[in-house]
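Below: one structure, written as structure tokens.
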Amino acid sequence: MEKKEKKKKELPPASELSSCDSTVQMIEKARRDGVSTAWDRAVEMKPCPIGVESACCKNCFMGPCRLNVRDPYSKVGICGATIDTIMARNFARMVATGTAAHSDHGLCILELFREVAKGNIADYTIKDPMKLEALSKELDLATEGKSVQEMALALYDELLKTYTNINGELPFVKRVPEKTAEQWRKLDIMPRGAMKEVMEMMSRTHIGCDQHYENITKQSSRTALADGWGGSMIATELSDIMFGTPSPTHAEVNMGVLKEDYVNIIVHGHEPNLFESMLLSVNDPFYVVMAKERGAKGINLVGMCCSGAEMMSRHGIPHAGNFGSTEAILVTGAVDAMAVDIQCIKQGLTKVAECYDTPLITTNPRCHIEGATHIEFHEHTPSECTDEIVTKAIARFATRSMPIEIPKKVSTGVHGFSYEYINYMLGGSFRGGYTPLNENIINGRIRGVAGVVGCVNPKVKQDSMHIALVKELIKNDVLVLQTGCSQISLAKEGLLVPEAAQFAGPGLAEVCETVGMPPVLGLGSCVDNTRILIAASEMVKTGGLGDCIADLPAAGAAPEWMSEKAIAIGQYFVASGVYTIFGVGFPIIKDTKFHDLLFDGLEKQGLGKWGFTIDPIEMAHMMIAHIDKKRAALGIDKARERVLLDMSDRRVIG
Ligand code: XCC
Ligand code: SF4
């Protein structure tokens, strides 16, 4: 009995768990209400000390085998697998799962695109035919004299190869800088089709198959590249063509976007089609009238996580918070329905939703949750599902019985910096292009470019790493590109506004003021990390910054990562040539051969490499040191010194 009581850990103050005041307020309320959230479960959960270092294998039932974390080479598995094989296989399977998640999403979007092109779905259209044409040209498809429908169907056929290719290269390899693609061919890591790569990865990691960590890692690179330059890129590009390519839009972020006297509907997940249809349903006069008849002022549609980030970028739909806040927002009592589709939907939501009498509705055949209501979303008749959800939400509003507490915070920011818009923003419509960006990097005003992306994780204080890292980067003249939950962390902090230039170093601030852009650019959801890849390719092609992605003064980071998708993203950035640093923890034992390969060996092969630290300031300076190393290699390090000298002179004079 006594023993049991000892085990229960005391919960820290909520303010230690999150930097987001709204989430803190709701964690406290949840505790008062006796409701469990991931934040408190994480305090009580002691991660498996062997699993956290990836030193266990359960790939067959002779095991599971556990190796010694402190002395990793002292033991092998029953089959003889070494620590390097076991860690490389575990890592590889994370890459495979992450790639599968994005690619499956991308394939759904591709199938939707085909049906829209054929005219079989009335609810969606080709909103951006210009992008359709530009993309077709990039892929060497004929566009002269072709109708939009003909172009779309030809594009569908071509892009299907992204999944079905068994031999040959992914269609989007045409976008990769030639030297980077050459490197992939030389190293034999050129991706074929995503289905092939994921399947082969699972087959290689079966017991007794691929047992050389270097060869397994090649397959990790191939698979991850099929995500970044394949499945994810299709999701981004075709969503743009069907739903509109984002351009800067003002959007409100944080829990204060909920409105007590409105019917509040949250959509949380990753696929934009559910959300797009929900937008139509909530604006249908029939439902607006119905809501008003039940005493509401109207219907308030709000997003969370990645599909939320896409809708914010495309339509300025308010965003209530990232992955760390999805349970917390239900604690407000003000959510009349939460509709979810796929990925990062915590099962814990069902319990919280039940406590606050909020309908939690799953909509995708891939994602049912025990205890949730399932209303399946069919793309040919999308409004059937979304109308029913709206009806449920209105009914819940009419019978609200619980006290409501909505945190008041809201930040307004500018979101939706697509690759295309950056092109236009920097060059104007006559001189569109990346030349001004490259020039500002070459002349040293902008020191380099950083992608700061990824999840939040209850192992670290929510948002705190993202915020500290990004602030340090911009202070040092590094332009920051953001996606996913990380973008929401900084949006809540108020950094996605042009006025945030005041926190930037003098060079970056000057560029931001001239162009009228924030020093932190929000690009969208996690599949939209491909916008960073495309921008990087364009920087190489524009010239003056080397001839492959690895030459660029650029780096990436996911300081609060948690998902397998994050590992797949990390590996495709590394394989594309980017130094990529993760925080929280790295699921590999240091001073092993596999660790050396990821953190050093890959760079020696001409690719990028992995990095790790839990300190965000150190992380920033690891990225900056890398950027400076690349500047020196390009011979543009002196230019920056001159610019800074100019600036301090000017300040002395001024
Ligand atoms: Fe999921 Fe995409 Fe991670 Fe956020 S950042 S926790 S993967 S929702 Ni993509
Ligand atoms: Fe153990 Fe080898 Fe089976 Fe893994 S594959 S569980 S190391 S015997």
Please list, by residue number, everything in region 206-226 whose backbone N is under 14 Å from a paramagnetic label point 7 Å out along Cα→Cβ of residue 199. none
Give the share of C-alpha pairs in each 10 angstrom bin for region 405-514, from 0 to the last occupied bin, in whole percents, shortest bins first. 14, 42, 32, 10, 2, 0
Need one number: nm distance between label points at residue 58 and residue 284, each 7 Å from Cα along Cα→Cβ, rounded to one decimal. 4.4
When only Cα pairs under 8 Å and 6 or more residues apart are kept, what is the percent relative contact order across the chain? 16
Given only helices, namely DSSP H runs of n ≥ 4 each adding -39500 (n - 2.57), what is the per-residue ellipticity at 222 nm of the chain, to the nearest 500 deg cm²/dmol? -14500 deg cm²/dmol
Just list whichever of 161/196; 137/174; 346/471; 46/409; 471/492; 186/604 have alpha carbons separated by over 21 Å in the model shown. 346/471; 46/409
Classify region 318-373 from the C-alpha gyration tensor, please: rounded if a/c falls under 1.5, else prolate or oblate depending on whether a/b exceeds b/c. oblate
In the chain, whole DSSP H helices that both stretch 30 Å or further along their axis by alpha carbon positions and average at least -1.0 on the Kyte-Doolittle scale are 83-117
To the nearest 20 debye, what charge dipole does region 553-647 have about its Cα centre, counting +1 at the Cβ of each Lys and Arg and -1 at the Cβ of each Asp and Glu? 320
Tell me which GluC sites (Glu not before Pro) from region 345-429 have a DSSP coil assignment and no more than 12 other beta carbons within 10 Å of their own. 370, 376
Estimated dipole of the chain in Debye, rounded to 20 [Cβ of Lys and Arg +1, of Asp and Glu -1, Cα centre]: 1540
Where does the charge balance sit around residue 206 when Lys and Arg score +1, Asp and Glu -1, over other residues with C-beta under 12 Å from its C-beta? +1
Note to self: Kirkwood Rh of region 496-594, Cα pairs, one decimal, Å, is 15.6
Excluding residue 297 itself, calculate the net charge of residues whose Cβ lies under 15 Å from the Cβ of residue 297, where each Lys or Arg counts +1 and each Asp or Glu counts -1. 0
If you split all Cα-Cα distances of region 510-654 into 10 Å bins from zero, what percentages do you get per bin, shortest first? 10, 34, 36, 15, 4, 0
Take 60, 526 and order them by how many other Cβ atoms sit within 10 Å, fewest up front. 60, 526
How would the chain be classified by its alpha-carbon gyration tensor: rounded, prolate or oblate, with rounded meaning a/c under 1.5 and the a/b versus b/c comparison settling the rest? rounded
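Which of the three applies to region 498-548, rounded, prolate or oblate, going by the alpha-carbon gyration tensor with a ≥ b ≥ c and a/c under 1.5 meaning rounded?
It comes out oblate by the Cα gyration axes.
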Residue farthest toward the positive end of the dipole of region 80-196, with Cβ of Lys/Arg at +1 and Asp/Glu at -1: which of 81, 117, 148? 81
Any residue on another chain or 5+ positions along whose placed amide H is under 5 Å from the amide H of residue 448 is listed here as 479
Given unit charges at Cβ for Lys, Arg (+) and Asp, Glu (-), the dipole magnitude of region 218-286 about its Cα centre in debye, nearest 20, is 420
Per the 1/(1 + (r/R0)^6) rule, R0 = 56 Å and r from the Cβ atoms of residue 188 and residue 42, FRET efficiency to 0.05 is 0.85
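We did not get these values from a lab; they are worked out from the coordinates using the rules stated. These figures come from a predicted structure and were not determined experimentally. Cβ coordinates were reconstructed from backbone atoms using ideal geometry, including for glycine residues, and neighbour counts include every protein chain displayed.
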